[in-house]
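What follows is one structure encoded as structure tokens, with my remarks underneath.
The values are calculated or read from the model by the stated rules, or taken from the named source; none is laboratory data. Computed from a predicted model, the values in this text were never measured in an experiment. Glycine gets a Cβ as well: all are built from the backbone with ideal geometry, and neighbour counts include every protein chain shown. The accessibility values were calculated without ligands, DNA or RNA, using every heavy atom of the protein model including side chains. Shrake-Rupley method; radii C 1.70, N 1.55, O 1.52, S 1.80 Å.
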Amino acid sequence: MRRALALARRGRGWTSPNPMVGAVVVREGRVVGEGFHAAAGEAHAEVRALEAAGGRARGAELYVTLEPCNHHGRTPPCTHAIVAAGIRRVVIAARDPNPRVAGGGAAFLAERGLEVVLGVLAAEASRLNEAFFKHCRTGLPFVTVKCASTLDGRIATRTGDARWITGEAARRRVHELRHAADAILVGVGTVVADDPQLTTRLPAGRRGKDPLRVVLDPRLRIPPAARVLHPGSAAGTLIVAGEGVPAEARRRLERPGVEVIGCPAPGGRIDWSALLAELGSRGVMSLLIEGGSRVFASAFRAGVVDKACFFIAPILFAGDDGVPVCAGPGVAAVREAIRLQRAETRRLGEDLLIEGYPAPAGDAPGGGGPGPGALPPGA
């Protein structure tokens, strides 16, 4: 199953709106076929593994990271291919959360006499597809905040300079996050200050996918020359304005690849619930928030962040006049702080990456309950 999970990861960034899935065919203790879902619309992992195994699949075992599909989509049901290949035993990591599928694949196989085992490395498999799981269950994107800061909690100097706080290894990891995301979001302040492209740039020899670029701009003050408004990404750009912005102002920005939509913006701030519902309806399963500080604070306060990725550089700006990670009023007491659970730390060159899941509101400090988009073991 660990091999199947490793295979599944090869599809990262390419399979949406489908999940990442890997499969391994084993006969008499030896791997005789393996495969993974490489991209939406292409053959599923089970089919690739069975094709690789050929006649050796008869009487063999199939290890697969997600419950095989039992419905017609872009491709035929994998369950039918498994039965036709003569597989005798199917080991599944996690059930499929898709309402059209949940339980159907495993039940179909069991009804036809195959031995079915569920829940092997379920937590790892669920985490691999955490965005797919959340979108299937709620219709909303899985929201990740990515932030690079100094040891003293600054994302830019007092002059707005932020290049580069972290090193090359951390920046490479950021572009991997972009490749894996369906959409990337920033506030208009970040566009005005940095004029980012918000595209994916992986090392030479590695092909990457650009996410949809989303800019929060309640009053449409984005500069017409901003790079996100011009060709450079096939993914396109979505400008999110307030509902009261004049139609003429919206039309001035719209062009091929650029769409302007209205969204409730009480007090001049975009309503997160309405925005995420809109993005989810457009098929956005994973959303990466990259700034700025007021957007970070707003998302955390609204409780919409499922995962946080903080890149910490071993440098200090040694003052209180730089740009903080979060701007605006914070909590009044330490016990009210937003806490990350299941936090993991890793080195990226000289920098540290801390990843974790914000605890649900009201959780006791150090509590171990799953975060907003997290999945319990065996989900």
- Query: ALA337 versus ASP195, label points 7 Å from Cα toward the beta carbon: distance in nm?
  - Reply: 3.9 nm
- the stretch 303-351: GluC sites (Glu not before Pro) in DSSP coil with no more than 15 other Cβ atoms inside 10 Å: GLU350
- Leaving out ligands, DNA and RNA but keeping every protein chain, what accessible area does PHE108 have, in Å² rounded to the nearest 10, with a 1.4 Å probe? 30 Å²
- Message: Tell me whether the stretch 50-97 comes out rounded, prolate or oblate; compute the Cα gyration tensor, take square roots of the eigenvalues as a ≥ b ≥ c, and use a/c under 1.5 as the rounded threshold.
- Response: oblate
- Among ARG89, ARG221, ARG294, which one shows the biggest mean-square fluctuation in a GNM of the chain, springs joining Cα atoms closer than 10 Å? ARG221
- Query: Which whole-number percent gives the relative contact order of the stretch 292-340, counting Cα pairs below 8 Å spaced six or more residues apart?
  - Reply: 60 percent
- Item | Distance (nanometres) between label positions extended 7 Å along Cα→Cβ at ARG252 and ILE354 | 4.3 nm
- Note on the structure: From most to least accessible, 1.4 Å probe, no ligand or DNA/RNA atoms counted, THR237, THR345 line up as THR345, THR237
- Message: Let me check something: with ligands and nucleic acids excluded, how do TRP272, TRP14 order by accessible area (1.4 Å probe), largest to smallest?
- Response: TRP14, TRP272
- Note on the structure: Taking 261-270, 226-235 and ranking on average Cβ neighbours within 10 Å, highest first, one gets 226-235, 261-270
- Between the stretch 214-254 and the stretch 281-348, the alpha-carbon center distance in angstrom: 25 Å
- Query: Can you pull the percent of the chain's accessible area that's carbon plus sulfur, 1.4 Å probe, other chains left in place?
  - Reply: 51 percent
- Task: May I ask you to compute the full-extension gain from ALA40 to ALA84, defined as 0.36 nm times their residue separation minus their alpha-carbon distance, rounded to one decimal in nm?
- Result: 13.5 nm
- At a Förster distance of 41 Å, what's the computed FRET efficiency of ARG347 paired with THR138, Cβ-Cβ distance as r, to 0.05? 0.75
- Residues meeting the amide H criterion for GLU243 (H placed from the backbone, H to H distance under 5 Å, 5 or more places apart or on another chain) are CYS263, ALA265
- For the stretch 235-247, Karplus couplings with θ = phi - 60° (6.51, -1.76, 1.60), whole Hz, Gly/Pro x: 6, x, 10, 10, 9, 9, 9, x, 5, x, 5, x, 4
- Message: Is the C-alpha gyration tensor of the stretch 1-81 telling us rounded, prolate or oblate? Criteria: a/c under 1.5 is rounded; beyond that, a/b larger than b/c is prolate, otherwise oblate.
- Response: oblate
- How much solvent-accessible surface does ASP210 expose, in Å² to the nearest 10, with a 1.4 Å probe and all protein chains in place? 40 Å²
- Note on the structure: Quick calc: nm separation of the 7 Å Cα→Cβ label points for GLU168 and ALA302 -> 3.8 nm
- Query: Which whole-number percent is the relative contact order of the chain (Cα, under 8 Å, 6+ apart)?
  - Reply: 16 percent
- Using θ = phi - 60° and the Karplus relation 6.51 cos²θ - 1.76 cosθ + 1.60, list the HN-Hα couplings for the stretch 294-299 in order, rounded to whole Hz, with x at every Gly or Pro. 6, 5, 4, 4, 4, 5
- Order by accessible surface, 1.4 Å probe, largest leading, for residues PHE310, PHE133 comes to PHE310, PHE133
- How far, in nm, would the chain grow between ASP320 and GLU243 when pulled straight, counting 0.36 nm per residue and subtracting the alpha carbon separation? 24.1 nm
- Message: How large is the translational diffusion coefficient of the chain in µm² per second when you combine the Kirkwood radius over alpha carbon pairs with Stokes-Einstein at 37 °C and 0.692 mPa s?
- Response: 147 µm²/s
- For VAL116, residues with placed amide H under 5 Å, excluding near neighbours: VAL90
- Task: Show that you can apply the helix-only estimate: for the chain, add -39,500 (n - 2.57) for every DSSP H stretch of four or more residues, divide by all residues, and state [θ] at 222 nm to the nearest 500.
- Result: -7000 deg cm²/dmol
- Query: Residue by residue, what Karplus-based ³J(HN,Hα) values in Hz, rounded to whole numbers, does the stretch 338-351 have, using 6.51, -1.76 and 1.60 with θ = phi - 60° and x for Gly and Pro?
  - Reply: 6, 10, 8, 10, 6, 6, 10, 10, 9, 8, 10, x, 8, 8
- For ILE87, residues with placed amide H under 5 Å, excluding near neighbours: GLY59
